[in-house]
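Enquirer: Take a look at the following structure, please.
Quick note: the coordinates plus some simple rules give every number you see, no bench work behind them. Values in this document were obtained by computation on a predicted structure and should not be read as measured data.
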Amino acid sequence: MTKLNTAQRDLLTRAAATEDGTIDAADVAKPTATALIRRGMLISIPQAEGPSRLLITGTGRDAIGVLENETATPEPATEPAAAPPAPRGKIGSVIEMLRDPAGATIEALMRATGWQAHSVRGALSGAIKKDRGLTVTSDITPAGRVYRIIEGAGA
């Protein structure tokens, strides 16, 4: 079990209670947020305008004993398993766009989320690859680099 002080537990609980798993960094004591970011329980997501947002990671959810999604009833063995539903919020939107066979460019993901390019790349490597264990690939096309999630592959 991960040891958390009261402020850290409260912060993670507040983030987990929001629809998209984020809270304003301006509403948080900096030492508390910094400690959780260093431990991989939060990710700082800079915003184009306004304060950064803090996104709770899978590690942070595990530390407070909160599951991201309820587990679905398993499908019968004769039918292929459906892809798990994407979480709601901006990360969920990014995952949906990446699951599309056409994939998505960084620019399209920036428009969909309102994030800057470095924040989109951080979400791809942190919240999507590391925390959710999804495999993201990229190909260079005439439209630019296109990112996709490969279903059924491990990270």
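Enquirer: For the stretch 119-133, in order, what is each residue's ³J(HN,Hα) by Karplus, 6.51 cos²θ - 1.76 cosθ + 1.60 with θ = phi - 60°, in whole Hz (x at glycine and Pro)?
Expert: Once rounded to whole Hz, the list reads 6, 5, 4, x, 5, 4, 7, x, 5, 9, 6, 6, 6, 9, x.
Enquirer: Can you give me the C-alpha center-to-center distance between the stretch 134-151 and the stretch 1-49, rounded to a whole angstrom?
Expert: If we compute the Cα centre of each part, the gap is 30 Å.
Enquirer: Quick one: grab the alpha carbon gyration tensor of the stretch 6-64, order the square roots of its eigenvalues as a ≥ b ≥ c, and give me rounded if a/c is under 1.5, else prolate or oblate depending on whether a/b is larger than b/c.
Expert: Judged from the Cα gyration tensor, the stretch 6-64 comes out prolate (a/c at least 1.5, a/b above b/c).
Enquirer: Okay, next question. 5 Å is the cut-off here: which amide hydrogens, built 1.01 Å from N in the peptide plane, fall below it relative to Arg53, excluding neighbours closer than 5 in sequence?
Expert: Distant-sequence amide H within range of Arg53: Ala25, Ile45, Gln47.
Enquirer: Okay, next question. Can you tell me the Rg and Dmax of the stretch 90-150, counting just the alpha carbons, in angstroms?
Expert: Taking only Cα atoms of the stretch 90-150, I get Rg and Dmax of 10.3, 31 Å.
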